[in-house]
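The values are calculated or read from the model by the stated rules, or taken from the named source; none is laboratory data. Source: prediction; values computed, not measured. Quick reminder, even Gly has a Cβ in these numbers, built from the backbone with ideal geometry, and neighbours come from all protein chains shown.
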Amino acid sequence: MTTDRKTIVLTGASRGIGHATVQRFSSEGWRIITCSRDEPPEACKRDPNWTHHIPTDLSDGASMDRFVKQANEALAGAPLHALVNNAAVSPKTPFKERLGCLNGPIEGWRKVFELNLFAPLLLSRGFATALGRGAKAGGAAIVNITSIAGHAIHPFAGSAYSTSKAALSALTREMAVEFAQLGVRVNAVAPGEIETEMIGEEYEPLINRIPMHRMGSADEVAGCVYQLCGSDFGYVTGTEIFVTGGQHVY
């Protein structure tokens, strides 16, 4: 890879917020390296900026190690300007029942934390050197995708998901201090009710709790992520931005 264009690594790229974020960065001319459990949509395989997609199970240590190795090989010593930790899981029962503290196997909690908390930490470590090069070549940033559920009880997000996202918010602050030594900024984006493939009719009553009286779009979250990775936010680190239409203020 040459160093004349900025490069982003993004997880959970095949749909929803991750896919919208890929499209936003591509529209701005960034080179994109991604991973997800699924293959990207066929139309996106023709995107010349989306240079590498590596099928990966980030909840599996060996699979994640392979992704970090292959992505760094794809960088070939070039700077990395952004890492977006977007991949996450929020398990439900077969009846879409909320998994709380009293139901569901404890092993499920471990799997949630492996993907939602430990994967962002390990990926940030794995790309630290490349991000450091990016910091010297115009700036570098990490953006962790947290959630409104990490700050208040949510009727559909399970306890394991909510507490893992709260932990990711805390991790963002810790990382901001330590990665500043490399010149890398670390921030978080906390979406609220966002219209994606995962949203069903059961979410409609929640609109009454949103001051803007609508759900957000994946593009609006992607736009916030993009801005956090740019020079206009060059003095912003350790911050969590709520993309919730004001829902988080209640």
Matching residues in the range 67-105 (β-branched (Val, Ile, Thr) and modelled with pLDDT under 95) number 2
Counting just the residues of the range 27-79 that are in contact with an Asp or Glu (Cβ under 7 Å, 6 or more places away or on another chain) and without any contact (Cβ under 8 Å) to a residue 24 or more places away in the chain, which one comes out farthest from Ala222 (Cα to Cα)?
Ser63
Among the listed residues Gly77, Gly108, Gly132, identify the single one that is surrounded by fewer than 22 Cβ atoms within 10 Å (Cβ to Cβ) and part of a loop (DSSP other than H, G, I, E, B).
Gly77
Answer with yes or no whether Leu99 is in contact with a helix residue (DSSP H, G or I) (Cβ under 8 Å, 6 or more places away or on another chain) and outside any helix (DSSP H, G or I).
yes
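Output the number of residues of the range 206-225 satisfying the condition of being modelled with pLDDT of 95 or more, of a type outside the set (S, T, N, Q) and not in a helix (DSSP H, G or I).
Counting residues in the range 206-225 that are modelled with pLDDT of 95 or more, of a type outside the set (S, T, N, Q) and not in a helix (DSSP H, G or I) gives 0.
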Thr51 meets each of (1) among the hydroxyl-bearing types (Ser, Thr, Tyr); (2) surrounded by fewer than 18 Cβ atoms within 10 Å (Cβ to Cβ); (3) in contact with a helix residue (DSSP H, G or I) (Cβ under 6 Å, 6 or more places away or on another chain) with one exception, condition (3)
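For the condition surrounded by 14 or more Cβ atoms within 10 Å (Cβ to Cβ) and of a type outside the set (Val, Ile, Thr), what is the one hit in Gly18, Gly29, Gly61?
Gly18
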Please go through the range 16-37 and give me each residue that is in a helix (DSSP H, G or I) and more than 12 Å from the chain's Cα centre (by Cα), ordered by number.
Gln23, Arg24, Phe25, Ser26, Ser27
Count of residues meeting criterion [surrounded by fewer than 22 Cβ atoms within 10 Å (Cβ to Cβ), aliphatic (A, V, I, L, M) and either touching a residue at least 12 places away in the same chain (Cβ under 8 Å) or assigned to a loop (DSSP other than H, G, I, E, B) (or both)] in the range 155-203
10
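Go through the residues of the range 232-240 one by one and say whether even a single one is within 14 Å of the chain's Cα centre (by Cα), under 19 Å from Ala88 (Cα atoms) and either of a type in the set (D, E, K, R) or surrounded by fewer than 20 Cβ atoms within 10 Å (Cβ to Cβ) (or both).
Yes: the range 232-240 contains one or more residues that are within 14 Å of the chain's Cα centre (by Cα), under 19 Å from Ala88 (Cα atoms) and either of a type in the set (D, E, K, R) or surrounded by fewer than 20 Cβ atoms within 10 Å (Cβ to Cβ) (or both).
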Kindly list, by first and then second residue, each pair from a residue in the range 120-132 that is at pLDDT below 95 to a residue that is of a type in the set (D, E, K, R) and surrounded by 18 or more Cβ atoms within 10 Å (Cβ to Cβ), limited to pairs with Cβ atoms under 8 Å and residues at least 6 apart or on different chains.
none
State yes or no: is Asn103 without any contact (Cβ under 8 Å) to a residue 60 or more places away in the chain, surrounded by 19 or more Cβ atoms within 10 Å (Cβ to Cβ) and of a type outside the set (Asp, Glu)?
no
Which residue, of Leu228, Leu171, Leu206, is of a type in the set (A, V, I, L, M, F, W, C) and farther than 24 Å from Gly100 by Cβ?
Leu228
